[in-house]
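Take a look at the structure set out below.
The numbers here are math on the coordinates, done by the rules we state, and not lab data. Worth saying up front: this structure is predicted, and the values here are computed from it rather than measured. Here the Cβ is made from the backbone with ideal geometry for all residues, glycine too, and neighbour counts use every protein chain on show.
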Amino acid sequence: MVFHRNTLLELLDGVHTFEKEVYPQKKDLFQSLAYDQTPPTLFITCADSRISPSLITQTEPGELFLIRNVGNIVPAYGNMVGAVASAIEYAVGALRVKNIIICGHSNCGAMSALINLATDPDKLANMPTVRRWLHNAEAAAATISDLRAEDVGPKDVRDLAEANVRLQLTHLKTHPIVAKALSRNELNVQGWYYDIQNGRMYILNDDNKKEYSVEEAIALLKKTSPTDND
């Protein structure tokens, strides 16, 4: 694939285009966002460069509060006090977001690394911080049948990515501020899986372990009362 922004100069050229062409078209929007933000959704996804949350959801600046990290991981409350926990706390407690999405994706390098670590604990010896971080997803790997790294295919990585999203949803609900908002019906939480190659999103139902297409998920939501989706 040929990229158009490979060098620092080319990146700055892109910024110049934004300043001269894109910003003027959305000037009113950016000026309205200058001193405040009220995003309705916290979107937690992988740091993978192929994931573009605003493009996928067709949202404007100001609509998504983002957390991105390797493997779209949410450490259970108290395990790691850091950027993820503080961002969740701020999103729910200060910004009063109404929705939290955890989005995994196909061909995820973090999931492939988890599978490799099962057979070779020293696989990430040169990246000890990544190794420690992936500890927060090991329970997901334990739910997948034993596999040798050399036998792993796309479906195995997908199964693990989906199991990881469900695990991170469980971790998310251990955060007191999230648990409190859920108990008051002030928050919707959902897991997604994004198929990069086919441009398809799948909604993961944590209650029955099923997955739904976007069309099916929309139909199900429309059956509920409007107040349930506020």
Exercise for the section: Please state, rounded to one decimal and in Å, the Kirkwood hydrodynamic radius that the stretch 1-130 gives when every pair of distinct Cα atoms enters the mean of 1/r. Expected result: 17.6
Problem - Cleavage-rule hits (trypsin sites (Lys or Arg not before Pro)) in the stretch 2-62: DSSP loop, at most 15 neighbouring Cβ within 10 angstrom - result: Arg5, Lys26, Arg50
Handout entry: Relative contact order of the stretch 15-90, pairs being alpha-carbon contacts under 8 Å that are 6 or more residues apart, as %
Key = 28
Practice task
Would you work out which of Cys108, Thr57, Asn79 lies farthest towards the positive end of the dipole of the chain? Charges go on Cβ: Lys and Arg +1, Asp and Glu -1.
Solution key: Asn79
Practice task
Using Cα pairs closer than 8 Å and at least 6 residues apart in sequence, work out the relative contact order for the stretch 65-212, in percent.
Solution key: 33
Practice task
Would you mind finding the longest exposed-site-free stretch of the chain, with exposed chymotrypsin sites (Phe, Trp or Tyr not before Pro) meaning DSSP loop and at most 13 other Cβ atoms within 10 Å?
Solution key: 36-230
Exercise for the section: Using Cα positions and a limit of under 24 Å, work out the lysines in reach of Lys173, with same-chain residues fewer than 8 apart set aside. Expected result: Lys98, Lys209, Lys210
Problem - Stokes-Einstein translational diffusion, the chain - Kirkwood Rh over all Cα pairs, 0.692 mPa s, 37 °C, in µm²/s - result: 170
